Amino acid sequence: MKKTFVLAALLTAFASGATAQDKPKVDPATLEAVTKAMWPKVPEGWEKRVSFDETQKQCSEHRNEPPGAVFDQIKAREIATVKFPADGNVLGDWKSGIRIANDGRGGTFTDRPMTNGANCYACHQLDLAQLSYGTLGPSLHLYGKNRGFKPEEAKATYAKIYNAMSVMPCSMMPRFGYHNFLTEQQMKDVTALLFDPESPVNK
Amino acid sequence: MLKRGKRAWFSWALAASLAGGALAQAPQPIDTEKELEKYRAMINDPMSNPGYLNVDRGEVLWSTKRGAKNVSLETCDLGQGPGKLEGAFAKLPRFFEDVGKVMDLEQRLFWCMQKIQELDTADIVRRRFGGPGRFSDMEDLVAFIANKSNGMKFEVPLAHPKEKEAFAIGEVLFHRRSDFMDFSCATCHAEDGRRIRLQGLPNLIKPGKAVQETMGSWPTYRVSQSQTRTMQHRLWDCYRQMRTPEPIYLSDGLTALTLFLVKQAEGGEIQVPSIKR
């Protein structure tokens, strides 16, 4: 008796998993109303933030696996947003970069306005000294070294940090420059963290 | 991230015993079973789990006459009939005929406070999350009521069309990327064995042990905050990390997400209030 119950519970558990897979349909107007009620107004000072753009919409809809045509569309759209430093120099100060990469503060509704941290370590291993790193993204240890410290690689990495989806549509990695989450100088500094031969990332 | 409050002494004992659950870097697998047993004994022991202070306060609040009507909550119907608490939490969120919508435990309690007691609910909302020197009636009531489902398993058949709809909305919200960081819940909770810094991230979309243990352990006494927290607070905190604006307490989207998660956790056993980091 009890066994059958457990078995039944298990079966339902799996069945519900299956339903989750084949995206249940939700009326867009209902969804709009629900999200509107969760966030009825834009907080003061947040007016310039992107809350939900076309790329986010497409990635959500396709569960981050966009079909070919959508993939290409997103990529083109995101590449068009990337702005390089005017003087073409993408390398800042790696020492400041390490601070920025470690800083996870800023940008939440409980934070006062402040300079945001990038929190790269939340998702990436970078150097061997920092043991508190996450695993949502690949290890970046020896990143610049493995790319021969080539200037065009550094430039591509700056673009990656500026807008991760210009390289990999629907990447889990935030679009730091696109959202103005990081400043140009901050992005140069973390690029240097990856590309300076003296940086612990390359040791 | 971890605030070393006065209860910090708890966290390391816990870290050692949470091997099966939240902690990614589990210590050596020495006697995991024994450690878990100790942990279970501890969360069930009102003397060592501060969450039971909330349970006790919640019990008093449930039967205290309050509000303009000066009555208690004892006639409040949480889905199993007026005043019936055993097993109610295991079947929430659910559709309520009298309101015509799906509600989680907190929404339902709030509704009962308004309709049955005519209580000053602005004050309830102000104190929705407890802090130093400020108790939350909601955290207390949820701890008390959820505890009455201990040993039971989540059961949400999604029988009503509104429940099906809420589940579907929850599933979409789980995958909805937005705001400053392009995050969705799936960014952090859709794969096994990932971590952010050193915090393990439970996979919440794969039915099975991880999501069952997660959902079966809320409300929980959070050592890092010295407070007992409910799922409303957990979702509030995850949206905070996602850099969205503050989601409105008791909004239907949070209930839809909770229903989605509880459905993923179906069959999981409830043991609350638990203790966590």
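The values are calculated or read from the model by the stated rules, or taken from the named source; none is laboratory data. Computed from a prediction, not measured in an experiment: that's the story for all the values here. Every residue, glycine as well, gets a Cβ built from its backbone with ideal geometry; the counts of neighbours run over all protein chains shown. The area values use the complete protein model at the heavy-atom level, side chains included, leaving out ligands, DNA and RNA. Shrake-Rupley method; radii C 1.70, N 1.55, O 1.52, S 1.80 Å.
Between A:GLU47, A:GLU32, A:GLU65, the residue with the greatest mean-square fluctuation in the GNM of chain A (Cα pairs under 10 Å linked by springs) is A:GLU32. I'd like the accessible area for A:ASP103: 1.4 Å probe, protein heavy atoms, all chains in place, Å² to the nearest 10. Rounded to the nearest 10, that gives 40 Å². Considering only A:PRO40, A:MET165, A:PHE71, the residue lying farthest towards the positive end of the dipole of chain A is A:PRO40, judged by Cα position with unit charges set on Cβ.
Note: the protein assembly as shown, Cα convex hull, 163 Å³ per residue. Within the accessible area of the range A:94-202, what % is carbon and sulfur when the probe is 1.4 Å and the other protein chains stay in place? Whole-percent figure for carbon plus sulfur exposure: 55. With pairing defined as another cysteine C-beta under 4.7 Å, the cysteines of the protein assembly as shown that fail it are A:CYS120, A:CYS123, B:CYS185, B:CYS188, B:CYS238.
These residues, A:THR115, A:THR183, B:THR230, A:THR30, go from largest to smallest accessible area, 1.4 Å probe, as A:THR115, A:THR183, A:THR30, B:THR230.
The packing ranking, built from the mean of other Cβ atoms within 10 Å per residue, places the peptides B:232-243, B:91-102 in the order B:232-243, B:91-102, highest first. Which one of A:LYS95, A:LYS41, A:LYS25 has the biggest mean-square fluctuation once chain A is modelled by GNM with Cα springs under 10 Å? Top of the fluctuation ranking is A:LYS25.
When Rg and the Kirkwood Rh are both derived from Cα coordinates, the Rg/Rh ratio for the range A:94-202 amounts to 0.94.
Each of A:TYR143, A:THR108, A:PHE84 was placed along the dipole of chain A (beta-carbon charges, centred on the mean Cα), and the one lying farthest toward the positive end is A:THR108. Here is the size of chain B from its Cα atoms: Rg then Dmax, 18.2, 57 Å. Accessible-area rank, largest first, for B:PHE135, B:PHE154: B:PHE135, B:PHE154, with all protein chains present and a 1.4 angstrom probe. Once all protein chains are placed together, B:GLU86 keeps about 100 Å² accessible to a 1.4 angstrom probe. A:SER51 contributes an accessible area of around 70 Å² to the protein surface, as traced by a 1.4 Å probe with all chains present.
Check every DSSP H run in chain A and write down those whose alpha carbon atoms cover 20 angstrom or more along the long axis and whose mean Kyte-Doolittle hydropathy is -1.0 or greater. Result, helices passing both filters: A:2-21.
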